[in-house]
Amino acid sequence: MRILAGLGNPGAKYQETRHNAGWWILEALGATSDWHAVQGCEVARHGEHLLVKPGGYMNETGKFLAALARFYKVEPADVLVVCDDVYQPAGSARLRAGGGDGGHNGLKSVIQHLGSGFLVCKVGVGPFPQDPADRERHAPLDDFVLTKLPRGEREKVMKLRGQLEPLLLGWLESGTWEAQTVHLKQ
């Protein structure tokens with residue numbers, strides 16, 4: 001069994017914010033699935049595998065995901081987490097194994113509760129400036145992730161879902177993984 005988890009915040013207030021990009025991708029993959037509450041998460045089956053929207057807010061994501069993984073006896077190497085990445089432009093994604101949290105509170109929580117060794121798909125919702133001098137012209141990072149994407153950028157993320165779908169479902173079904181960067185095909 002493998003778990004494909006999308007990170008996000010619950011409630012209508014956060015539904016269209018940058019921080020919910022993981023949920024956007026997961027909801028598209030599970031659009032025809034029946035979602036159920038299990039161990040504090042929203043869960044849908046994809047064959048013998050699980051699509052998961054961990055419960056609670058972003059900072060609490062890890063405790064729900066870890067509880068679910070323990071319940072189903074799933075090792076971190078069989079977990080793939082989809083989340084937002086403010087340092088990549090909309091319309092791009094990075095797929096990689098392991099690594100740190102990069103300042104992402106959801107990933108920090110997953111590492112804290114599940115441990116390392118899981119896979120990550122970071123979906124671009126930025127760019128947020130990396131240079132501190134450029135950040136003065138922007139809202140603080142915490143506020144930036146809780147803003148809605150401008151319409152054109154959201155459309156890019158939604159189109160990117162189609163390119164990510166075969167990669168993510170392919171991993172879910174076969175466990176095959178290749179680190180890569182995906183850019184929206186024009």
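Key figures
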{"read-out": "Charge dipole magnitude, Cβ of K and R +1, D and E -1 - region 3-183, Cα centre, debye nearest 20", "value": "140"}
{"read-out": "Which of Phe71, Gly102, Gly6, positive extreme of dipole for the chain (C-beta unit charges)", "value": "Gly6"}
{"read-out": "For the chain, the longest site-free run once GluC sites (Glu not before Pro) in DSSP loop states with at most 13 other Cβ atoms within 10 Å are removed", "value": "49-135"}
{"read-out": "Residue of Lys63, Lys156, Lys73 that the Gaussian network model of the chain assigns the largest fluctuation, springs spanning Cα pairs under 10 Å", "value": "Lys73"}
{"read-out": "For region 119-125, Karplus couplings with θ = phi - 60° (6.51, -1.76, 1.60), whole Hz, Gly/Pro x", "value": "9, 9, 10, 9, 9, x, 9"}
{"read-out": "Label-to-label distance, nm, for residues given as Tyr57 and Gln112 (7 Å Cα→Cβ offset)", "value": "1.3"}
{"read-out": "Neighbour-count ranking [beta-carbon atoms within 10 angstrom, fewest first] of Asp34, Asp78, Asp85", "value": "Asp34, Asp78, Asp85"}
{"read-out": "Other-chain or far-sequence residues with amide H under 5 Å of Gly91's (modelled H)", "value": "Gly124, Val157"}
{"read-out": "Region 9-152, relative contact order in percent, only Cα pairs under 8 angstrom and at least six apart counted", "value": "28"}
{"read-out": "Sorted by Cβ density within 10 Å, fewest first, the residues Thr61, Thr176", "value": "Thr176, Thr61"}
{"read-out": "Least to most buried among Arg18, Arg94, Arg70, Arg2 (fewest other Cβ within 10 Å first)", "value": "Arg70, Arg94, Arg2, Arg18"}
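Rule-based calculations on the coordinates, nothing more; no lab input. In this text the structure is predicted, and so the values were computed from the model without any measurement. Don't worry about glycine lacking a Cβ; one is built from the backbone with ideal geometry, like all the others, and counts go over all protein chains shown.
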